[in-house]
Every structure is written in structure tokens, then in C-alpha cells.
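Rule-based calculations on the coordinates, nothing more; no lab input. It should be emphasised that the depicted structure is a prediction, and the values quoted were computed from it without experimental measurement. All Cβ positions, glycine included, derive from the backbone under ideal geometry; neighbour counts span all protein chains shown.
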Amino acid sequence: MPEIPVAPPRPDDRFGIVVAQWNRGVTGRLLDGAVAALEKAGVPADAIDVAWVPGSWELSLPAQQMATSGQYAAIICLGAVIRGETTHDQHINRAVSLAITEISLATGVPVLFGLLTCENMDQALARAGGPVGNKGVECAEAALHMVGLLRNVPGA
């Protein structure tokens, strides 16, 4: 069974990153990881645009505008929602995950879900460069993979 090859990033590829300011101690680490992974793959720093939004709820609108602009190969959304005493976190997580999926499907641009949905701050920090890894790095690697894969999908 033949595999569809994954192409490396092109010199003119731009990547957008939308990152939430809320829980910046976590999201800043996710951002650092994503940028480092893109640069390691050969994406120049000036081909990475970062848009800071107030919180994770606001990730989807700039992601949609970036995706529809035709200027970006992929968009990476980074945020951290920590469970509190109410179900507020569940509403944010569900809405953002659905919006990101819809944006990607509607535009054909990979929009990556880097929203941590954790029970507590320790879990979030563990996923932002701690013992569980860095989900920002993973999102950037997934973005690179998807961009390269979609370029080689037959009939695309």
C-alpha cells in the first residue's frame, strides 16, 4: 500500500500562531516550543506571525481570518484552560475545539488544536515543557506534517 509522501516546508511558507494571554506562564512556553520547532524545520522567524488574544475563547476568530487570508500554510492555536469550580472550562473547550475544526474544514488550511484542557496548573505546566513534553512543539510538528502531506494528496 503506497504512502502519500510528506513534503518539507517551502521557503515561502508562512505560519500563523494565535496564542492566549490568559495563563501566559503556560501559553508562553507553548509558544516558545512551537516557534523553536518551526525554526528547527527551516521556517525563518520572519515567516512566523504571532497574534496574542485575551483568552482561549478568542482563539478562533483570528485563526479564521488568518486561514481565509490565503497567506498562511497553517495556523497553530495555543491556549490553556484550567478546570475551576464551575463547568465554564467545558464550554470554552468544546466551543473552541469545534470552531477550530470548522475553520480547517471550511478553508482547507490546517488549523492545529494546541489548547490544553487540564484539571490543574501542575498538569498544564507538565504539558508546556515539563515531564509530559511541550504541546506547542507537537502542534508545530503536526502543522508541518499536515502542510507537507496536503501538498501531495492526489487530486488536491
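Which FRET efficiency value, to the nearest 0.05, do you get for V153 and R83 by plugging their Cβ-Cβ distance into 1/(1 + (r/R0)^6) with R0 = 35 Å? Walk me through the intermediate numbers first.
Working: r = 38 Å, r/R0 = 1.08.
Calculated value: 0.40.
Listed from fewest to most Cβ neighbours within 10 Å, the set F113, F15 follows the order F113, F15.
For the range 18-114, GluC sites (Glu not before Pro) are listed when DSSP marks them as loop and at most 10 other Cβ atoms sit within 10 Å of their Cβ; the list is E85. By its C-alpha gyration tensor, with a ≥ b ≥ c as the square roots of the eigenvalues, how is the range 26-150 shaped: rounded for a/c under 1.5, else prolate for a/b larger than b/c, else oblate? The shape class here is oblate. Modelled this way, with points 7 Å down the Cα-to-C-beta line, the labels at I4 and A106 are 2.3 nm from one another.
Would you work out if the range 28-67 is rounded, prolate or oblate? Take a ≥ b ≥ c from the square roots of the eigenvalues of the alpha-carbon gyration tensor; rounded if a/c is under 1.5, else prolate when a/b is larger than b/c, oblate otherwise.
Since a/c reaches 1.5 but b/c is at least a/b, the shape of the range 28-67 is classed as oblate.
Calculate, in nm to one decimal, what D49 and D12 gain on full extension: separation in residues at 0.36 nm each, minus their alpha carbon distance. Computed gain between D49 and D12 is 12.0 nm. Peptides 62-73, 2-13 ranked from most to least packed by the mean count of surrounding Cβ atoms within 10 Å: 62-73, 2-13. Computed over the range 19-156, relative contact order equals 31 percent, with contacts defined as Cα pairs under 8 Å that lie 6+ residues apart. Its Cα centre serving as origin, the chain has a Cβ charge dipole (Lys and Arg +1, Asp and Glu -1) of approximately 60 debye. Full extension of the chain segment joining Q21 with H91 gains 23.3 nm, where the gain is 0.36 nm per residue of separation less the Cα-Cα distance.
Each of T107, T117, T86, T101 was scored by other Cβ atoms within 10 Å of its Cβ. Listed from fewest to most, they are T86, T101, T107, T117. Of all beta bridges that DSSP places with both ends in the range 26-150, some 20 percent have antiparallel geometry.
Considering only A51, A63, A41, and ranking their Cα positions along the charge dipole of the range 26-150 that arises from unit charges at the beta-carbon of Lys, Arg, Asp and Glu, the one farthest toward the positive end is A41. Among C139, C77, C118, the ranking by other beta carbons within 10 Å of each residue's beta carbon, starting with the fewest, stands as C118, C139, C77.
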